[in-house]
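Heads up, the thing below is written out as structure tokens.
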Amino acid sequence: MKRLFPLATLLALFALVSCSTTSQVSLDYVPGPGHVRPGQPEFATRPFIDQRGTGEMDLGTVRTQIGTPLEYVQTRVPVSQVVTNAFGHGLQTRGMLTPPRSARYVVTGDVLDLYCQMLVRPYGYARVRVTVLDAVTGQIIHSHVYSGERSARAYVPGSGSPVPVLRDLVSGALQDAVDQALDDPRLRNRLRPEVQPEYLDDSQPTISI
């Protein structure tokens with residue numbers, strides 16, 4: 001019997017792994033009222049580069065408390081596109097987005113981290129290097145790394161799938177990084193002097209990215 005217990009344990013773990021599933025999610029950008037700083041329509045986006053060193057749509061893993069993967073989380077489109085879309089929506093919300101031909105500046109950069117995970121507590125994290133270029137010369141106007149992280153209370157087994165919670169957390173983490181970047185005074189001060197409108201107070205709709 002002593003020899004059968006380890007074998008039974010291995011078989012159980014194998015069964016868990018073999019039963020693991022993959023869920024695809026769309027992330028959301030939800031502009032917060034009173035936290036959006038408008039600007040001039042002088043910006044376009046260029047695709048961000050995924051530097052995470054993992055699958056282009058991999059986002060995270062739901063694991064048991066001993067680390068066994070139960071469910072894999074992926075985006076519906078490549079993460080590089082998700083991040084590019086998020087910055088596009090952030091610019092649009094601030095009135096700063098314009099067609100590429102008329103843009104004075106270009107926002108691009110590198111996705112250093114974007115993931116969600118659940119071992120005990122659901123967690124989402126984003127880290128992006130944002131580079132703003134002069135649209136004509138290609139000169140770097142501004143470059144900085146921005147990050148965001150969010151977590152939730154410990155997951156209770158049997159309380160339903162944690163994937164929606166993970167999606168919301170990583171969406172919020174990415175939005176935090178986007179908002180930090182686009183509202184960064186260091187960036188705004190490097191642009192030509194302009195009269196900045198007051199912060200917007202109206203709530204904005206959720207935008208899928």
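Quick one: Thr131 ticks every box in (1) β-branched (Val, Ile, Thr); (2) within 18 Å of the chain's Cα centre (by Cα); (3) crowded, with 19+ Cβ neighbours inside 10 Å except a single one, so which number is it?
(3)
Filter segment 134-159 for residues that are closer than 15 Å to Tyr115 by Cα and among the small types (Gly, Ala, Ser); which is most open to solvent (accessible area, probe 1.4 Å)?
Here the residue is Ser151.
Can you tell me which residue within segment 55-101, out of those that are out of contact with any strand residue (DSSP E or B) (no Cβ under 8 Å at 6 or more places or on another chain) and over 25 Å from Gln117 (Cα atoms), is most open to solvent (accessible area, probe 1.4 Å)?
This residue is Arg101.
Within segment 40-53, how many residues are open to solvent by 20 Å² or more (accessible area, probe 1.4 Å) and either part of a strand (DSSP E or B) or at pLDDT below 95 (or both)?
4
Tell me yes or no: at least one residue of segment 142-153 is over 30 Å from Ser102 (Cα atoms), outside any strand (DSSP E or B) and of a type outside the set (Gly, Ala, Ser).
Looking for residues that are over 30 Å from Ser102 (Cα atoms), outside any strand (DSSP E or B) and of a type outside the set (Gly, Ala, Ser), one finds at least one in segment 142-153, hence yes.
Are there any pairs with C-beta distances below 6 angstrom linking a residue in segment 58-79 that is more than 30 Å from Arg46 (Cβ to Cβ) to a residue that is among the charged types (D, E, K, R) and assigned to a strand (DSSP E or B), with the two at least 6 apart or on different chains, and if so which?
Val62/Glu71; Pro69/Arg63
The values are calculated or read from the model by the stated rules, or taken from the named source; none is laboratory data. It should be emphasised that the depicted structure is a prediction, and the values quoted were computed from it without experimental measurement. When we count neighbours, we look across all protein chains shown, and the Cβ atoms used for this are built from the backbone with ideal geometry, even at glycine. Side chains included, ligands, DNA and RNA excluded: accessible areas come from the protein's heavy atoms. Shrake-Rupley method; radii C 1.70, N 1.55, O 1.52, S 1.80 Å.
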